[in-house]
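What follows is calculated from the coordinates using simple rules that are stated; it is not laboratory data. From a predicted model like this one, the values you see are computed outputs, not experimental measurements. As a convention, Cβ positions derive from the backbone with ideal geometry for all residues, glycine included, and neighbour counts pool all protein chains shown.
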Ligand SMILES: *Cc1c(COP(=O)(O)O)cnc(C)c1O
């Protein structure tokens, strides 16, 4: 089976992890801060805080922004469930904004219309989570203008997008958002096994998220609310969690980060090759916004169903039967059974549903060979019966 995505682990990664295993610290040592500093420097953010997953990152990002009961979080329906669940963790309500038909990212015009309507109904969201789907950056400048106009905080879910650029700057610099989060799950662009990160330029948000990832406990006398009893002293000043990243994970992340640009460039080479191999088939290929350089986590095609005699499901099943590990990113979150209790109708977000009925994620990862890629295309031609 050729999977849709997989990690690339080299000897330098293995050596880096083994070195930590032989060291004094398996957790709370020097590797986590070194990884944080390296990522912050790479992408141009003031603060980076490593956590044990992007899901944890989204949770503490929402809490730091003050999301709570009675508030709304909005996101795109075409995302992994974690981008929406973080709102529910905080006791807030979740709503969605439909996607753009070309980029599959949150639609700026749909967002503007919904904000306008919600302002008149007095139910504006507190937090908007935008997702750089497949690594393609959202239209952040336009989104930030709208968010400022309506007083909405912005989180960039950049789980797919580390190494990508928006207007020539790395995703993660938070120029147009309050907080950006990354995922280091093995299928993502670089990995720490499980792992994630929050980035911000705000001193206050960084302090808050630093507390939340480790029980709400501080050893910093400046943050304490009463005078320390002695040098042993720590103080719990908030209700936090254990969302810390281990030293092993950070060492792996640091080692992987060295190859970030190379990985993204390889993904672009593979995508360009797909573009040319697939150009004559009855498909819609990924479109690239001219303002940006995608991290290219995923290569998603859409079937032009009116031009073929087989169904989406048949094409998908045929590819799986031919050992091509295609996938579908994503089932729109509003149609998930758990989200049905909130009263969403399937056709509330028609562009998201149109996408869902046609999309297939083809295999793409740095070590995918040209021969394997051509095998994927041959299998696809067979599945499409063209
Ligand atoms: C993978 C992913 C997440 C969750 O990442 P974890 O590190 O597995 O928690 C969140 N949002 C999006 C868009 C993702 O793709």
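Summary table
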item	result
Antiparallel bridges, percent of DSSP beta bridges restricted to the chain (to nearest 5)	60
Within a Gaussian network of the chain (alpha carbon springs, distance under 10 Å), most fluctuating of 363, 290, 125	290
Relative contact order computed over segment 260-384 (Cα-Cα under 8 Å; 6+ residues apart), in percent	34
For segment 35-164, the Rg and Dmax computed from alpha carbons only, in angstrom	14.4, 45
GNM result for the chain, Cα springs below 10 Å: residue of 158, 110, 251 fluctuating most strongly	110
Degrees between helix 11-21 axis and first principal axis of the chain (Cα, 0 to 90, nearest 10)	30
Förster-model FRET efficiency, 22 Å R0, residue 305 and residue 382, C-beta, rounded to 0.05	0.80
DSSP bridge orientation in segment 91-241 - percent antiparallel, rounded to nearest 5	55
Choice from 366, 186, 337 showing the highest fluctuation, given a GNM over the chain with Cα pairs closer than 10 Å	337
Global geometry of segment 304-386, whether rounded, prolate or oblate, following the gyration tensor of its Cα atoms and the 1.5 cut on a/c	prolate
Mean Cα-pair separation over length for segment 2-257, i.e. relative contact order, pairs under 8 Å, 6 or more apart, %	26
Proxy reagent accessibility, fewest Cβ within 10 Å first, across 204, 19	204, 19
All Cα pairs of the chain, percent lying beyond 27 Å	50
Estimated 222 nm signal from helices in the chain, with DSSP H stretches of n ≥ 4 weighted -39500 (n - 2.57), rounded to 500	-11000 deg cm²/dmol
Computed over segment 146-268: relative contact order in percent, which uses C-alpha pairs under 8 Å that are six or more apart	20
Rounded to 10°, Cα long-axis angle of helix 140-150 versus longest principal axis of the chain	60
Residues 140, 245, 1, sorted so that the one with the fewest Cβ neighbours within 10 Å comes first	1, 140, 245
Euclidean distance between Cα centres, segment 3-67 to segment 192-233, Å	16
Distance between segment 118-183 and segment 289-312 - C-alpha centres, whole angstrom	23
Helix 108-120 vs. the chain, principal-axis angle (Cα, 0 to 90°, nearest 10)	50
Proxy reagent accessibility, fewest Cβ within 10 Å first, across 80, 241	241, 80
